[in-house]
1. What nm value, rounded to one decimal, do you get for the distance between V289 and K219 when each label is placed 7 Å out toward the C-beta?
2. Kindly rank 336-349, 116-129 from highest to lowest mean number of other beta carbons found within 10 Å of each residue.
3. Put +1 on the Cβ of each Lys and Arg and -1 on the Cβ of each Asp and Glu in the chain; which of L31, V316, Y66 then has its Cα farthest toward the positive end of the dipole?
4. Run the quick spin-label model on H230 and R69: label points 7 Å from Cα toward the beta carbon, then report their separation in nm to one decimal.
5. State which entries of K92/K219; K182/K223; K95/K223; K32/K178 exceed 26 angstrom in Cα-Cα distance in the structure shown.
6. So which lysines pass the test for K160, namely a Cα distance under 16 Å, with those fewer than 8 places away in the same chain ruled out?
7. Counting pairs of Cα atoms in region 206-259, how many percent are more than 16 Å apart?
8. Pick out the long, greasy-scoring helices in the chain: whole DSSP H runs spanning 30 Å or more along their own axis by Cα, mean Kyte-Doolittle at least -1.0.
Amino acid sequence: MPGLLPPLRRIAHLDMDAFYASVELLRYPQLKGLPVVIGGGRRPADEVLQLRGALPVDQFPLLQDYVGRGVITTATYAARVFGIGSAMGLMKAAKLCPQAILLPVDFDEYRKYSRQFKAIVTDIAPLMEDRGVDEVYIDFTDVPGGQREGGRTLARLIQKAIFDATGLTCSIGVAPNKLIAKMASEFNKPQGIAIVHATDLQTAIWPLACRKINGIGPKAEAKLNALDIHTIGDLATCERQWLIAHFGKSTGAWMHHAAWGRDERPVVTVSEPVSMSRETTFDRDLHAVRDKAELGAIFTDLCTKLAGDLQRKGYVGKTIGIKLRFDDFKSVTRDATLAQATADATTLRRTAGLCLKRVDLSRKLRLLGVRVGTLSKLGTSENSSPNRLSLLTQSPSEAINTIAFNDQLF
Ligand code: TTP
Ligand code: MG
Ligand code: MG
């Protein structure tokens with residue numbers, strides 16, 4: 001009796017199309033269909049754009065006139081045709097498509113639309129997990145329409161509701177779990193819907209590169225490729241024990257699981273941040289010794305701002321880390337774990353400073369970042385009364401006496 005079977009687990013991943021760029025096109029509809037890239041600076045600096053919607057197309061700044069070290073946050077699909085994409089240097093992109101229009105970023109505007117589209121989703125399907133500015137997971141399992149056509153009916157409804165309210169488009173993948181849904185949302189971008197069932201594993205998932213598994217980054221991919229494992233199908237043929245021998249117990253076992261399309265993680269409605277960070281790319285490359293004062297001031301400023309972020313949001317963190325990028329674009333991270341969680345700028349600065357001492361600083365630096373992880377919310381049982389008191393009364397030097405160091409090279 002099919003009526004008595006429990007509903008199939010159907011999880012959706014929704015990702016907005018060319019998000020920052022699409023939000024900009026709402027203000028400048030005259031740019032629709034043109035190659036547009038977002039990056040290079042923040043909006044207040046741009047007086048020319050004050051004219052807003054009225055500005056004729058030929059008066060927008062062009063990528064070919066950009067001079068500087070900024071990178072692209074995102075590009076319209078018309079610009080992607082030229083091989084331009086996120087994280088590419090603007091001057092490099094200018095060689096590929098000099099005629100592209102360059103707009104500065106406006107995070108407040110993107111956050112506003114982010115809140116708006118998420119509110120529309122939860123009105124229709126309340127079990128939603130926030131995964132960042134432009135994407136969410138949604139549990140379709142028990143929502144009306146969530147099972148029809150494998151979830152396509154509900155996905156269409158959500159796409160239409162978001163478009164009607166904001167003018168923005170998105171792509172949705174619906175699958176038996178988060179892992180596959182995340183891959184599926186990319187299948188038919190932009191404005192696409194992809195429905196994947198457990199039985200599609202071999203045909204839809206196994207031909208994809210291992211990198212498409214959310215959690216396999218460039219380093220793991222390179223290691224897999226060196227072992228002659230390229231597709232998820234290749235990975236699925238590897239013995240679990242063999243993967244554990246090469247990648248360690250938890251990563252190896254997880255890779256095997258993922259390759260077979262298994263993922264039981266629930267859709268979590270309230271998500272806490274895992275870490276908070278601040279980073280900056282310098283206007284010119286700086287040397288640790290020759291530019292000591294300038295670098296020190298930037299470092300202190302980052303820590304002060306990060307402490308402010310933590311305090312404003314009511315978090316304390318135990319793991320303090322730094323990220324450096326050298327003039328040859330190689331990156332290095334170092335972190336240290338404190339005995340007591342903190343949100344204090346001086347403690348952050350001192351701990352991050354100790355991390356910096358563990359790096360060979362003979363090359364010039366182009367980027368510096370500070371991160372606080374292992375966060376907990378102030379006032380939760382973990383750090384209420386006794387702990388919190390000791391945190392507040394402890395001097396920074398005491399706090400650093402009991403640090404566990406952890407070195408990692410990226
Ligand atoms: P994505 O969802 O990765 O990209 P996108 O929405 O621009 O395009 P797509 O249609 O392929 O989903 O990222 C969401 C936003 O996050 C993006 O609009 C800009 C920002 N972002 C960066 O600032 N830097 C980056 O390297 C990436 C990947 C994204
Ligand atoms: Mg997106
Ligand atoms: Mg995204």
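1. Placing both labels 7 Å along Cα→Cβ, they lie 2.9 nm apart.
2. 336-349, 116-129
3. Checking the options against the dipole of the chain, the answer is V316.
4. 3.7 nm
5. Violating the 26 Å limit, Cα to Cα: K95/K223; K32/K178.
6. K118, K189
7. The answer is 26 percent, as a whole percent.
8. Both cut-offs are met by 292-313.
Here, each number is a calculation from the coordinates, and none is a lab measurement. Quantities reported herein were computed from a predicted structural model and do not represent experimental measurements. A quick note on method: Cβ atoms are made from the backbone with ideal geometry, for glycine too, and the neighbour counts reach across all protein chains shown.
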